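Enquirer: Below are the structure tokens for one structure; questions will follow.
The values are calculated or read from the model by the stated rules, or taken from the named source; none is laboratory data. Being a predicted model, the structure only gives us computed values, none of them experimental. Here the Cβ positions follow ideal geometry from the backbone for every residue, glycine too, while neighbour counts run over all protein chains shown.
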Amino acid sequence: MGSLVATLRHLAACFLVLSAPIFAPGHALDEGGLAASVHTSRQHAQVAALIDARYPWFSDREVVLLASVIVTEATAAGFEPELVAAVIDVESSGRRFAVSKVGAMGLMQLLPNTARSVADRAGVAWEGPQTLFDPVANIRLGVSYLQELVDRFGNLEVALTAYNWGPTRIARRIREGGDLPVGYSGRVLRVYATLVGTA
């Protein structure tokens, strides 16, 4: 999608086919509700263009759905959509079925135990670890978890570090007056800056 006009045309064409299921049946958000909420705003178009450019394996309909989920969830949590997109990029490079060596799963690389507890608080249906391979549920859970960490630590960079290292370890380091690792948060924020610059 070379221009905003092309992106908007792409989105408009995709709206016509949003009624058919894309991901696992019974995923966390109703596609009919999403189709009604998706509109050709500049923000949706920008995020769709970013997804389309970086992750060519997603179909047109998946691009539209993912853009809508990212914008909706990020906005509700008080984040820029490009920040959520940056976490996805650093965590999984947009691979829906990614599994880390420690067992984190899906686009936003959540551990099943963490995701299950977040699902209870966020009102996301939990159907076992495979829930994390549903991109819609994964993004909702990942954004909710990051929001909880920002609320807990009061600082986005610390929250990003806790997202990667675990909040217990980071809280202990803060208590003990130790330095916090900055590699992960720095990577996310660099990708975020790049995405904002290209949006």
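Enquirer: Just give me the residues in segment 103-118 being surrounded by fewer than 19 Cβ atoms within 10 Å (Cβ to Cβ) and either basic (Lys, Arg) or part of a loop (DSSP other than H, G, I, E, B) (or both), in sequence order.
Expert: Narrowing segment 103-118 to residues surrounded by fewer than 19 Cβ atoms within 10 Å (Cβ to Cβ): 103, 111-114, 116-117.
Hits for segment 103-118 are 103, 111, 116.
Enquirer: Those residues that are of a type in the set (Asp, Glu) and more than 16 Å from residue 97 (Cα to Cα), I need them from segment 128-180; list them, please. Before the answer, list the steps.
Expert: Kept after step one, since they are of a type in the set (Asp, Glu), are these residues of segment 128-180: 134, 148, 151, 157, 176, 179.
Within segment 128-180, 148, 151, 157, 176, 179 meet the criteria.
Enquirer: Which of the residues that make up segment 175-192 are farther than 18 Å from residue 146 by Cα and of a type outside the set (Lys, Arg)? Quick ask: steps written out before the conclusion?
Expert: Just the residues of segment 175-192 that are farther than 18 Å from residue 146 by Cα, to begin with: 175-179.
176, 177, 178, 179 - these are the residues of segment 175-192 that are farther than 18 Å from residue 146 by Cα and of a type outside the set (Lys, Arg).
Enquirer: Name the residue that is surrounded by the fewest Cβ atoms within 10 Å (Cβ to Cβ), counting only residues in segment 133-171 that are among the acidic types (Asp, Glu) and within 17 Å of residue 113 (Cα to Cα).
Expert: 148
Conditions (1) surrounded by 14 or more Cβ atoms within 10 Å (Cβ to Cβ); (2) touching a helix residue (DSSP H, G or I) at 6+ places or on another chain (Cβ under 7 Å), marked per residue:
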position	(1), (2)
120	no, no
173	yes, no
181	yes, yes
184	yes, yes
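Enquirer: Of the residues in segment 170-193, how many are of a type outside the set (S, T, N, Q) and under 16 Å from residue 80 (Cα atoms)? Break it down stepwise before answering.
Expert: Quick first cut of segment 170-193, residues of a type outside the set (S, T, N, Q) only: 170-184, 186-193.
Those still in the list that are under 16 Å from residue 80 (Cα atoms) too: 188-193.
Selection size over segment 170-193: 6.
Enquirer: What is the number of the single condition among (1) surrounded by fewer than 14 Cβ atoms within 10 Å (Cβ to Cβ); (2) modelled with pLDDT under 95 that residue 128 does not meet?
Expert: (2)
Enquirer: So is residue 98 surrounded by fewer than 22 Cβ atoms within 10 Å (Cβ to Cβ), aliphatic (A, V, I, L, M), farther than 11 Å from residue 139 by Cα and free of Cβ contacts under 8 Å to residues at least 40 places away in the same chain or not?
Expert: On the way: surrounded by fewer than 22 Cβ atoms within 10 Å (Cβ to Cβ): yes; aliphatic (A, V, I, L, M): yes; farther than 11 Å from residue 139 by Cα: yes; free of Cβ contacts under 8 Å to residues at least 40 places away in the same chain: yes.
It is true that residue 98 is surrounded by fewer than 22 Cβ atoms within 10 Å (Cβ to Cβ), aliphatic (A, V, I, L, M), farther than 11 Å from residue 139 by Cα and free of Cβ contacts under 8 Å to residues at least 40 places away in the same chain.
Enquirer: Now, a different point. Do we have any residue at all in segment 54-70 that's part of a helix (DSSP H, G or I), more than 21 Å from residue 193 (Cβ to Cβ) and among the basic types (Lys, Arg)?
Expert: Yes.
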